[in-house]
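Accompanying notes for the structure given below.
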Amino acid sequence: MSRPLIEVHSVSKAFLLPAVRRNTVREHVFAGFRPRVHDRHVVLDNVSFDLKPGEALGLMGSNGCGKSTLLKIVSGIFVPDSGHVVRNAGITPILELGVGWNGELDAVDNVYLIGSLMGLTLPELRASLDAILAFAELEAFANLKLKHYSSGMAARLAYAVAFHAVREVLILDEIFAVGDAGFKRRCEERYEQLRAAGHAIILVSHDPRAISHFCDRALLLEHGRVAMNGRSGQVADAYLANQYATHARHVDLLQRVG
């Protein structure tokens with residue numbers, strides 16, 4: 001049996017948030033003479049899972065449930081407060097589009113800049129440049145400074161570079177929510193090519209259809225804990241049911257207040 005590429009063991013993470021104080025004149029006058037008080041906010045609580053070679057793992061959960069923090073810990077950006085992560089493979093994380101890009105440089109220079117940060121060598125970047133620009137449909141804008149790009153154009157370029165700088169594990173955040181129908185289709189085709197080549201993928205999405213269709217297995221996070229770990233279709237259905245229940249509670253609350 002092959003060894004997992006990623007092993008997450010009992011990972012927990014908390015952040016200190018400034019304590020909420022009353023907005024009164026007294027509070028403002030004495031604020032400088034009092035020690036700063038913080039509340040401990042638990043973002044992840046004893047999370048465990050693994051990722052096998054060639055596996056596509058979906059990650060779902062409401063905003064604020066800990067998905068982004070978990071991905072940053074898996075990628076090595078954050079350090080957990082407890083527990084640990086074993087990385088038995090290289091990782092290409094695409095978590096925050098635009099981070100590291102230089103608006104004063106054109107698309108070509110940014111491809112070289114970001115591609116090198118992702119681990120591509122100069123010969124590899126030169127060989128892949130035309131394919132990257134074509135994938136993003138930006139050949140005509142290759143020499144335009146990035147600050148003049150629309151957000152959609154910049155997003156297409158970021159994902160195009162990522163799809164050509166793939167290590168053994170690729171982490172994608174809402175990839176199928178970017179771009180028009182044609183670009184989404186190219187992303188889907190590239191996604192399937194990577195899976196067929198044996199790459200493992202962690203896909204974060206709020207779209208139950210995408211998780212069900214593109215993932216073998218999925219995790220559902222609720223308040224920083226793994227509420228469900230199972231077949232992607234079952235987890236997607238559970239996520240959707242939770243969203244409907246939350247919406248119904250909000251509607252009921254608004255009706256009561258109104």
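The values are calculated or read from the model by the stated rules, or taken from the named source; none is laboratory data. This structure is a prediction, so every number in the text was calculated from the model and none was measured. All Cβ positions, even for glycine, are placed from backbone atoms using ideal geometry, and neighbour counts span all protein chains on display.
Of note:
- Residue that is closer than 23 Å to LEU71 by Cα, touching a residue at least 12 places away in the same chain (Cβ under 8 Å), among the aliphatic types (A, V, I, L, M) and touching a Pro at 6+ places or on another chain (Cβ under 6 Å), where the choices are ILE114, ILE171: ILE171
- In the stretch 123-145, the count of residues that are in a helix (DSSP H, G or I) and within 30 Å of ALA218 (Cβ to Cβ) is one or more.
- Residues of the stretch 56-69 that are within 13 Å of PHE15 (Cα to Cα) and surrounded by 20 or more Cβ atoms within 10 Å (Cβ to Cβ): GLY66, THR69.
- Flag for HIS213 being buried (at least 17 other Cβ atoms within 10 Å of the Cβ) and not charged (D, E, K, R): no
- Test: residue in the stretch 243-258 that is in contact with a strand residue (DSSP E or B) (Cβ under 8 Å, 6 or more places away or on another chain) and not polar (S, T, N, Q): no
- Residue check, PHE78 crowded, with 17+ Cβ neighbours inside 10 Å and free of Cβ contacts under 8 Å to residues at least 40 places away in the same chain: no
- Any hit, the stretch 148-170, residues being over 18 Å from the mean Cα position of the chain (by Cα), aliphatic (A, V, I, L, M) and modelled with pLDDT of 90 or more: no
- In the stretch 161-201, the residue that is farthest from ASP50 (Cα to Cα) out of those that are small (Gly, Ala, Ser) and touching a Lys or Arg at 6+ places or on another chain (Cβ under 9 Å) is GLY179.
- Members of the stretch 53-98 that are of a type in the set (Val, Ile, Thr), outside any strand (DSSP E or B) and out of contact with any helix residue (DSSP H, G or I) (no Cβ under 8 Å at 6 or more places or on another chain): THR69, ILE73, VAL74, ILE77
- ILE73 falls short of the stated requirement of being under 25 Å from PRO53 (Cβ atoms), loosely packed, with under 15 Cβ neighbours inside 10 Å, touching a residue at least 12 places away in the same chain (Cβ under 8 Å) and among the hydrophobic types (A, V, I, L, M, F, W, C).
- Tabulated pairs, the stretch 34-55, first surrounded by 15 or more Cβ atoms within 10 Å (Cβ to Cβ), second at pLDDT below 80 and of a type outside the set (Asp, Glu), C-beta under 8 angstrom, 6+ apart or interchain: LYS52/SER2; PRO53/SER2
- Sole residue being touching a helix residue (DSSP H, G or I) at 6+ places or on another chain (Cβ under 6 Å) and surrounded by 12 or more Cβ atoms within 10 Å (Cβ to Cβ), chosen from LEU170, LEU146: LEU146
- Single residue of GLU174, GLU192 found to be of a type outside the set (A, V, I, L, M) and within 12 Å of ALA56 (Cα to Cα): GLU192
- Residue in the stretch 2-11 that is under 24 Å from LEU170 (Cβ atoms), surrounded by fewer than 11 Cβ atoms within 10 Å (Cβ to Cβ), at pLDDT below 95 and not basic (Lys, Arg) present: yes
- Residues that are of a type in the set (Gly, Ala, Ser) and at pLDDT 80 or above were ranked within the stretch 87-129; the one that is surrounded by the most Cβ atoms within 10 Å (Cβ to Cβ) is ALA107.
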